[in-house]
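The values are calculated or read from the model by the stated rules, or taken from the named source; none is laboratory data. Keep in mind that this is a model prediction, so the values were computed, not measured. Using ideal geometry, Cβ is built from the backbone for each residue, glycine included, and neighbour counts are taken over all protein chains shown. Ligands, DNA and RNA are stripped out before the accessible areas are found, and what is left, the full protein with its side chains, is counted by its heavy atoms. Shrake-Rupley method; radii C 1.70, N 1.55, O 1.52, S 1.80 Å.
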Amino acid sequence: MKRVQLTAPCCNQCWHRPANPCRHLIDCMTGGPLCHDDEQCRAERTGRLTLARRGGEGTVLFIGAGTCGLANGAARIMEQTRAFLSANRIDAEIIAVGCAGFCQREVFIDLLAGTAPRLSYCDITPDNVAELLDEIFLKKNLTNRFLLGRCDEADGSFAEVPLLKDTPFFKRQTKVVLENCGRIDPASLDAALAAAAFRAAARAPHTMTPAELCDLVQASGLRGRGGAGFTTGQKWRVALDTLSAEKYVICNADEGDPGAFMDRAVLEGDPFRVLEGLLIAAYAVGASKGYIYCRAEYPLAIERLREAIAQCRQAGLLGHNILDSLFSFDVTIKQGAGAFVCGEETAILASIEGGRGMPRPRPPYPAVSGLHGKPTVLNNVETLANVPLIVEQGADWFKELSAGSSAGTKVFALSGAIRNTGLVEVPIGIPLREIIYDIGGGALPGHRIKAVQIGGPSGGCIPEEELDVAVDYLPLQQLGAIMGSGGMVVMDERSCMVDVAKFFMEFIRNESCGKCTPCREGTIRMHEILSGFTEKPVGDELRRLERFRGVLHLEELARTVRETSLCGLGQTAANPVLSTLRFFRAEYEAHILENRCPAGTCQGLKTFAVDTSLCVGCTLCKKQCPGSAVIGERKQAHYILEDRCIGCGACAEACPHQAIFELVAESPRQDLDRAESA
C-alpha cells in the first residue's frame, strides 16, 4: 500500500499541495473533494479511504509485532508466512501492527478476507504458524483452535464467534488511548487518517483560540498520567499566560519503572495519536518547537516515531503554516540514556540541554521557565494521546468515561504472578479487585494473591484484603500507594515483602542522581537496613543489637526522606518501605525475631544441615558449595559450617540421598528486649 496516499492531490484541480496548504485537507479525505466538484475525484477519494481502512486490497494479515510480539517470535512468523503465501501462490498482504494489549497470548494474527469480519487468532508461534495458515488458506477453516474472537460485527455465519471486546480479558476495559493499537498499521499515515487521526488537530486552530483550548482540557479533568497527576489544562494555561517569544512542548516517553511498558506500546502501536496530541498542545500554549524524550532502550518505538514524523512532514501536518492555520510546529526526537531520574520533568530539561539529568529546585516551574529558560509544557505519552479525543468528543464525554472522582481512563501494565498479563485500559475508579480477578484472571494455579505493587518503584504494596480500593488518585494515596505511570505487579505467597521493599530500594538507590542529601544518603541507609533483615545476624553482640535498632528507626528515616527530598523520586522513594511496614509488619518481625523468611525466598536467612545417618560421603555437596561451608572427607559423613553457609541450597540440590535439609531458626526475642532497652 502506498504511503501518504490519502493526502495526495486527486487531480490537477485539487487545491492542496505541500507548498499550498489547505485548511480542509482532513475533511476533504472523507467527504471530498471540497475545492472542486468532480464525481470521478469523489470516487477516487472514496476508494482511497476504503483501501486505507482495510489496510490493503484483498486478503490482509495483521501480525502483532510490537516488542512483546517480537520477543515471542513475530519476526520469524512473518518470514514463514511470506514463504507460505509465496509457495501456495496466495495473494495476501502482511502488515506488522503493535500490541493489542493481551501480551499473555501473543503472537496475535488478525485476518481480514472477503466479506468475513476481522478475525483474531492468538498463541501463534513459529512452531504452529504453519498449522494456522494451513487451516485458513488450504482447509478454509476460519474457526479453528487458534481463534479468540472477531473484531467486527458479523452476519449469521460468524455470529457464534464471540466479539473480541466481550472476551474476559477485554470485557471490563474501555479502550481510548489503546483503541488503535494492534488494529492499524503504525507505519502508515493513511491508516491513521482513516482511523480519524488529525481531525482534532485540523479543527482546533481554525475554530478555537489557545485560551479556549486550555479551558476545554481543564474542564475535561484530564490529569497527567505520568505519575504526579497534575491538572493538564492548568499547566497549559500557565504556559500560555507566560509572555515569551519562544515556547516548547515536550513529550515525556522516558518510561523507566520496572514492570511498566504502557508508553512503549502506544508509541509502537499508534505514534500518530501522540504526535497529534503534541501538535494540539503546542497550539494551545503557543509553542513552535517540540521534543519527544524517549529512552534509547526503545528502538522500535523510536523507529516508529521517526517514520511517523517524516510522513507528517511530507503531508504538511508538521512544519510551516500547518493546514493554512498560520501555525508552525516541528518535532525532534531526543534519546535518553536510561536514567530513571530523567522521568522527572526538570531532569528531562537538563538532559535535553546537554547536561547531566538532575532535577532543579522549583519554583520556577517549567511552565514559566523551562527549557533554555523559556516556558515549557511537559506531558507524558498517555496524557497526550487523550487530548485529540477530548477536543473531538468534548469535556463531558471524557468525564463520563470514569467510574471515580477523576476523569477518563488509565492504562496499566499488568504483570507478575497472574494468569493474564498485558496492557489494560480501564475507567478510573474501577475497583482494583476487578482488574486483578476479572481481567487478570486471578492467581496462578495452586497459588493465592498476596499483594499488588502499584505505581512503580515509587509506589506501594496493597494487600489482598484491600483490593476493593478504587483505582483513583486519592484512594490509592490513602493506602500509601500512587497511581504512578501505570505499573501494576501482582505477587503471590511466594513473594517476601521485605525482599520486595529491598529490591525497589536498591533500584531507587542506584537511580538517585545524588543531588540532594536526603535521597542520596537516605536511600542507601534504608537499603542497608533492609539488607540486614534478609541476612543472618553474625558477629559480636553489638552487631546483633544494631540489626534490631534498624527497624526502630527505619520508618522514621523513610518519612524523613519523603518529606525533605528535592524531587519526586526521593519524595516517593519510601513508599515501598512504608506500605510494607504498614500491611506486612508480621513479615518484618519474622525476619528480625525469628531469623526466618515466611515466604522462604530470602537466601541469606537460610541455613542447611546434614543428616549424618543418610550421608554417604560422596562429596557432591562439597563440590557444589560456593562458600566452602561443607566439611568432610570422602566416604565419611559431612557437616556444614553455619557461619559460612550463604543459604543458596546448592548442596541440597546436589545431594542424591536427600541427606541435607534446611534448619529452622528459633526466636531470639531476648535480643529485641535488649535492643529496646539500649
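Evaluated at q = 0.17 Å⁻¹, a Debye calculation over the C-alpha positions of segment 1-93 (equal weights, vacuum) places log10 I(q)/I(0) at -0.79. All distinct Cα pairs of segment 346-455 go into the 1/r average, and the inverse of that average, the Kirkwood radius, is 17.2 Å. Counting only residues at least eight positions apart within a chain, or on another chain, the lysines with an alpha carbon under 26 Å from that of Lys374 are Lys235, Lys247, Lys289, Lys334, Lys515. In terms of the mean number of neighbouring beta-carbon atoms within 10 Å, the peptides 470-476, 610-616, 292-298, 37-43 order highest first as 292-298, 470-476, 610-616, 37-43.
What the chain shows is 41 Å² of accessible area per residue, with the surface traced by a 1.4 Å probe over protein heavy atoms. What does the charge count around Lys374 come to, taking other residues whose C-beta lies under 13 Å from its C-beta (Lys +1, Arg +1, Asp -1, Glu -1)? Charge balance in the 13 Å sphere: 0. Shown are Glu160, Glu535, whose ranking by accessible area with a 1.4 Å probe and every protein chain present, most to least, is Glu160, Glu535. Compared with the rule-of-thumb size 2.2 N^0.38 Å for a compact globular protein, segment 514-660 has a Cα radius of gyration ratio of 1.35. The calculated Kirkwood hydrodynamic radius for the chain is 27.8 Å, given to one decimal from all distinct C-alpha pairs.
Ranked from largest to smallest solvent-accessible area, with a 1.4 Å probe on the protein heavy atoms, Arg17, Arg23 come out as Arg23, Arg17.
Here the chain has 49 percent of its accessible surface on carbon and sulfur atoms, given a 1.4 Å probe and all protein chains in place. Accessible area ranking (1.4 Å probe, heavy atoms, ligands and nucleic acids excluded), largest first, for His16, His320: His320, His16. Fully extending the segment from Cys618 to Asp468, taken as 0.36 nm per residue of separation minus the present Cα-Cα distance, adds 48.5 nm. Volume per residue of the convex hull around the Cα atoms, evaluated for segment 393-489, comes out as 87 Å³. Measure out, as a whole number of angstrom, how far apart the alpha-carbon centroids of segment 597-626 and segment 449-483 sit. Each part's Cα centre sits 38 Å from the other's. For the chain, the share of DSSP beta bridges that are antiparallel, to the nearest 5, is 55%.
About the centre of its Cα atoms, the chain shows a dipole size close to 1020 debye [charges on the beta carbon of Lys, Arg (+1) and Asp, Glu (-1) only; nearest 20 debye]. Per-residue extension of 0.36 nm, minus the Cα-Cα distance of Asp166 and Thr46, leaves a gain of 40.1 nm for this segment. At an R0 of 30 angstrom, the distance between the Cβ atoms of Arg559 and Ser405 translates into a FRET efficiency of 0.65. Extending 7 Å from the Cα toward the beta-carbon at both Glu57 and Ala337 defines two label points whose distance is 5.2 nm. In the structure shown, the pairs Lys450/Lys502; Lys502/Lys606; Lys165/Lys410; Lys140/Lys175; Lys502/Lys536 are assessed against 23 Å; a Cα-Cα span above that value is assigned to Lys140/Lys175. Temperature 4 °C, viscosity 1.567 mPa s: under these conditions the Stokes-Einstein estimate for segment 473-524, based on its Kirkwood radius over C-alpha pairs, is 99 µm² per second. Net length available on complete extension from Ser244 to Leu34 is 71.8 nm, with 0.36 nm assigned per residue and the Cα-Cα distance removed.
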